[in-house]
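Right, one structure below, let's go through it.
The values are calculated or read from the model by the stated rules, or taken from the named source; none is laboratory data. These figures come from a predicted structure and were not determined experimentally. Virtual Cβ from ideal backbone geometry, glycine too; neighbours counted across all protein chains shown.
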Amino acid sequence: MIASVRGQVVSRRPDGVVIECAGVGYRLAVSAHTLQQVPAVGDDVFLHSHLIMRDDGMHLFGFSSEDERSLFLLLLGVQGVGPKVALAVLSGGTTGELLNAIAAGDAKRFQAVPGIGKRTAERIIVELREKVGEGEAIVITRGDDPRMMARDALVGLGFTLQESERLLANAPGESAEELIEGALRARAA
């Protein structure tokens with residue numbers, strides 16, 4: 001499976017991006033939220049990914065964070081939710097906002113997504129409420145991703161999940177410490 005893609009952005013479109021890695025261009029379908037995180041054409045980017053193989057071909061999906069990919073996989077487990085609908089759900093807000101909507105039982109938030117009716121929205125709430133728990137963290141391990149560690153540290157410092165994601169969006173650095181420092185400097189500026 002292709003778990004992540006790092007390379008140069010070749011194109012950005014509302015339905016996805018193309019990233020060139022070692023001379024091969026990978027087309028990844030992305031949510032609107034992830035598309036906002038993808039830099040301009042010609043810049044380097046790192047996306048978490050998930051590959052779905054079907055009779056009509058292989059489909060690669062890209063995500064700006066491990067949490068977004070985890071929520072995508074959880075959504076695919078809900079009856080009546082396919083990859084396109086799951087991406088549409090992810091386009092409806094940040095991962096934290098969507099998890100809060102699930103925890104709060106806010107079916108209307110999901111009904112606003114094209115392709116989701118009342119029954120599917122309620123099914124998402126019922127099937128995922130136990131899996132995501134109360135709060136902003138998905139109960140799936142994230143590993144040691146520096147961006148996730150930096151985001152969690154900023155939340156621990158009192159920033160909201162949305163503020164933390166926004167501050168880290170353009171923060172320079174490879175390690176969690178560098179990302180935190182860059183985010184705090186950007187906020188102070």
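What the table shows:
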{"read-out": "Residue match in segment 145-160 (condition: at pLDDT below 75 and within 18 Å of I102 (Cβ to Cβ))", "value": "no"}
{"read-out": "Every residue from segment 152-189 that is in a loop (DSSP other than H, G, I, E, B) and exposed (fewer than 14 other Cβ atoms within 10 Å of the Cβ)", "value": "L157, G158, T160, N170, P172, E174, S175, A189"}
{"read-out": "Wholly enclosed helices (runs of 4 or more DSSP H) of segment 29-132 bearing at least 2 residues over 20 Å from S164 (Cβ atoms) and in contact (Cβ under 8 Å) with a residue 12 or more places away in the chain", "value": "66-76, 83-90, 107-111, 118-132"}
{"read-out": "One residue from V17, V78 being in the same structural domain as L128 (by TED's automatic domain parsing) and either modelled with pLDDT under 90 or touching a helix residue (DSSP H, G or I) at 6+ places or on another chain (Cβ under 8 Å) (or both)", "value": "V78"}
{"read-out": "Only one of R187, R147, R151 that is under 17 Å from V38 (Cα atoms), touching a helix residue (DSSP H, G or I) at 6+ places or on another chain (Cβ under 9 Å) and basic (K, R)", "value": "R147"}
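Table: residues versus (1) in contact with a His (Cβ under 6 Å, 6 or more places away or on another chain); (2) within 30 Å of V155 (Cα to Cα); (3) buried (at least 21 other Cβ atoms within 10 Å of the Cβ).
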| residue | (1), (2), (3) |
| --- | --- |
| R54 | no, no, no |
| S64 | no, yes, yes |
| D67 | no, yes, yes |
| L76 | no, yes, no |
| V81 | no, no, yes |
| K84 | no, no, no |
| L98 | no, yes, yes |
| I102 | no, yes, yes |
